[in-house]
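The values are calculated or read from the model by the stated rules, or taken from the named source; none is laboratory data. Just so it is clear, the structure is predicted and the values come from calculations on it, not from any experiment. Reconstructed Cβ throughout: ideal geometry from the backbone, glycine too, with neighbour counts over all protein chains shown.
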Amino acid sequence: MTLTCMYQNENQQIITTSHLDKVPKNSGFVWYDCIQPTKEEKEYLQNDLNLDQNEVASSIYTLGHPDIYHNAEEDIKHIIVHTLDTKDFSARPLNITITENSLVTIHQSKIPLIDYLQESLEKGSIKPDAEMITLKLLHKIIESYFAYVGEIEEEVFNLEYQNVDSDRNKKMMREVYDIRAEIIKLKRVILPMEQLVETIQTSNHFNENQHKKRLVHRILNQLKHQTATLKACEELTDEIKDNNESYHSSRINSVINVLTILSSIFFPLTLLTGWFGMNFTNMPELHWKYSYFVFIGITVVLSIALIVLFKKKRWF
């Protein structure tokens, strides 16, 4: 709902105004920044600044893939970049249009990085150069990713030092899956941005001087570092999952081993019980007065013998 303008006057001073009619036509540099433009502001952007309707819509209504378009005839560069929402790591589009002496930025909500660059421009910390400001804005956006990547890296390393036990196992695995979901969200933003910067580097759009060229190279290296960090975190979570599965398998094998030993001990006892429990008429041992005591003795001896045998075989 806000359209502000910064321009350079005849005295090389940077002036900020929200009254667009006061912007001189012959200004050496103009920066239009628009937040959630109204219908009138969209008409101004399209009619007075010659922005395409799709370029305005891509900054507000749709989440376009990060990309750069260059109109060689009019020497206009149109760039779509993504900032990150701090709450859910979702991407927020930022539309940047560059002409020879003007810069137009359109976005959905307030971006502190833009405010920081505007303050730097007013103080004279950066030169009123549309391409250089664009690269510095891109650089600041990429640097802001490090906070989220570092947070995920710290969470993964904390999980690594946790002991796997039955009490914490379920909670830890929930944390692992939450972290993997965050990694996927970040990769959906960082990987397209890396492709964008690679396109900028190979297309030579900002290679007019060595400083811009070095800045593009630095931005690309930062993105590659972030991508490598996320990949390493993803691999670590895979290892944690594998360790958890191994731990579960070991516990299950231990339980099955105990059940197998118990079954092996009670199988002959069950056989004897079933045999002498048939109660046929012609079974003389059933009427012997020592039958019960002999049967108890046999079962005890069998149980002890099997336990000793399994112990020698190191089944437990």
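A few remarks follow.
- Cross-chain or 6+ apart pairs with Cβ under 8 Å, the stretch 18-43 first and farther than 17 Å from His107 by Cα, then part of a helix (DSSP H, G or I) and aromatic (Phe, Trp, Tyr): Leu20/Tyr44
Per-residue answers, yes or no, for (1) closer than 17 Å to Leu84 by Cβ; (2) outside any helix (DSSP H, G or I); (3) touching a strand residue (DSSP E or B) at 6+ places or on another chain (Cβ under 7 Å); (4) of a type in the set (Val, Ile, Thr):
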| residue | (1), (2), (3), (4) |
| --- | --- |
| Glu119 | no, no, no, no |
| Glu122 | no, no, yes, no |
| Pro128 | no, yes, yes, no |
| Ile133 | no, no, yes, yes |
| Lys140 | yes, no, no, no |
| Tyr145 | yes, no, yes, no |
| Gly150 | yes, no, no, no |
| Glu153 | yes, no, no, no |
| Phe157 | no, no, no, no |
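- Condition check for Ser102: within 23 Å of Asn26 (Cα to Cα) and at pLDDT below 90: yes
- Listed by first and then second residue, the pairs linking a residue in the stretch 133-159 that is in the same structural domain as Asp33 (by TED's automatic domain parsing) to a residue that is surrounded by 20 or more Cβ atoms within 10 Å (Cβ to Cβ), with Cβ atoms under 9 Å apart and 6 or more places separating them unless they lie on different chains, form an empty list.
- Residue in the stretch 222-262 that is farthest from Ile142 (Cα to Cα), counting only those that are modelled with pLDDT under 90, in contact with a helix residue (DSSP H, G or I) (Cβ under 7 Å, 6 or more places away or on another chain) and not β-branched (Val, Ile, Thr): Asn244
- Test result for Ile114, under 15 Å from the mean Cα position of the chain (by Cα), part of a helix (DSSP H, G or I) and at pLDDT 90 or above: no
- Restricting the stretch 131-148 to residues that are farther than 15 Å from Leu94 by Cβ and in contact with a Phe, Trp or Tyr (Cβ under 8 Å, 6 or more places away or on another chain), the residue that is surrounded by the most Cβ atoms within 10 Å (Cβ to Cβ): Tyr148
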